[in-house]
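Read-outs throughout are calculated quantities, based only on the coordinates presented, and are distinct from any laboratory measurement. No experiment lies behind these values; they were computed from the predicted model shown. Glycine also receives a Cβ, built like all others from the backbone with ideal geometry; neighbour counts cover every protein chain displayed.
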Amino acid sequence: MFLIAAVLLSAAPQNVVLVTWDGVRWQDVFRRGPEAALPRFWARHAAHATVFGDPASSVRFEVANVQLVSLPGYQELMTGSPVDCPGNGCGRVKRETIIDALDAHGLGDRCAVLGSWWQIADAASMYERTFVDAGRKPGEPAAPWGAARRDRETWAKAMSALQGQPRFLWVALNDSDEWAHLGRRDELESTLRQYDIWLDELLETLRAMPGYGENTTVIVSTDHGRGDGAAWVDHGRESPEARRIFAFAIGPGTGEKLEIDETFTHRDVRPTIEALLGLGPRARVLPGVTLPLGPAVTAQVDSALARGAVEALSPAPRQPPQELGVP
Ligand SMILES: [Zn+2]
């Protein structure tokens, strides 16, 4: 049902910038007006974005597992499948990720991953990769929490990597989750406003990169939500409401207001990225669907179908949230 739109866009493969904001709640993302945590996004970019998880719509976005902590979520995002990861200590991902697929297609030198949290490396790839830079490095400023790198360092490195015109760039920010766990609503609000400024800068930078920026789709999401009410500081299986999250995408052809009643999950992100990048053959083994981001996705899916690179990308039956790594 997502493949029927007429293809008006050329089938030029896209580049993708994925930005994740750790543990940012949909309740904060969708605050509008004077209380908005993301005022630039709502004022300048939302009209061109395809948005998932808005409580005012029937297009939901969810975590696909019941753990509702970071690493299982990031691993599902990167693999597009269920993973053997019951918690943040599960170690390196054991299934092929989008990064591994890109490397197999000879695009390893066109990827970059910049993460504040060191365990982003455990989600990005089955293997150690030179282009995955996660966690605080010697000489970088310390954070008030453990070994994670401050987001401002990560963001600066990511914007530098963007100048190399990567096919796929993942920027994984983390300060939001740390301030929330510390119960620092004030610092969390400042962090969200900074994320809003950075997103605006990213989109403006892309606009100023002819030949690259207009063929790049930016996807923003999170690894999990948080508890309701006083439980907003935490997340996990004791807060099932943390399952509900958000995602939005801004790129060529996005901005359609979706009039569907549908639930999408983390597992739908990888096939979407692969479609945007023009990769087909591996998508058919994944359980997810491509997100309805408009003609840029549709054109790539149609092109892959025409080449015989994929058999079909019709939606698979939805599965309930699953226990991961539990026999
Ligand atoms: Zn957390």
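Exactly one residue among G229, G183, G211 is at positive phi and within 16 Å of the ligand (Cβ to nearest atom), and that residue is G183.
Mind listing just one residue for me: the one in the stretch 128-180 that is hydroxyl-bearing (S, T, Y) and free of Cβ contacts under 8 Å to residues at least 60 places away in the same chain and, of those, nearest to the ligand (Cβ to nearest atom)? First the steps, then the outcome.
The first filter runs over the stretch 128-180 and keeps only residues hydroxyl-bearing (S, T, Y), leaving 130, 154, 160, 176.
From what is left, the residues that are free of Cβ contacts under 8 Å to residues at least 60 places away in the same chain are 130, 154, 160.
Working: T130: 28, T154: 17, S160: 27 Å.
Looking at residues that are hydroxyl-bearing (S, T, Y) and free of Cβ contacts under 8 Å to residues at least 60 places away in the same chain, I get T154.
Scanning the stretch 124-149 for residues that are acidic (D, E) and more than 19 Å from R95 (Cα to Cα) gives D133, E140. Only residues that are within 16 Å of the ligand (Cβ to nearest atom) and polar (S, T, N, Q) were counted in the stretch 232-271, giving 1. When the stretch 54-67 is filtered for residues that are closer than 15 Å to T20 by Cα and assigned to a loop (DSSP other than H, G, I, E, B), only V63 remains.
Scanning the stretch 226-251 for residues that are of a type outside the set (S, T, Y), surrounded by fewer than 21 Cβ atoms within 10 Å (Cβ to Cβ) and in a loop (DSSP other than H, G, I, E, B) yields a total of 6.
The selection criterion, being charged (D, E, K, R) and under 18 Å from the mean Cα position of the chain (by Cα), does not hold for D109. In the stretch 37-63, the residues that are polar (S, T, N, Q) form Cβ pairs under 6 Å with partners that are not in a loop (DSSP other than H, G, I, E, B), at six or more places apart or across chains, as follows: T50/A249.
Residues are listed down the side, and each one gets a yes or a no for (1) within 16 Å of the ligand (Cβ to nearest atom); (2) touching a helix residue (DSSP H, G or I) at 6+ places or on another chain (Cβ under 7 Å):
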{"site": "V24", "(1), (2)": "yes, yes"}
{"site": "V29", "(1), (2)": "no, no"}
{"site": "P39", "(1), (2)": "no, yes"}
{"site": "D54", "(1), (2)": "no, no"}
{"site": "R60", "(1), (2)": "no, no"}
{"site": "L68", "(1), (2)": "yes, yes"}
{"site": "P72", "(1), (2)": "yes, no"}
{"site": "G80", "(1), (2)": "no, yes"}
{"site": "G106", "(1), (2)": "no, no"}
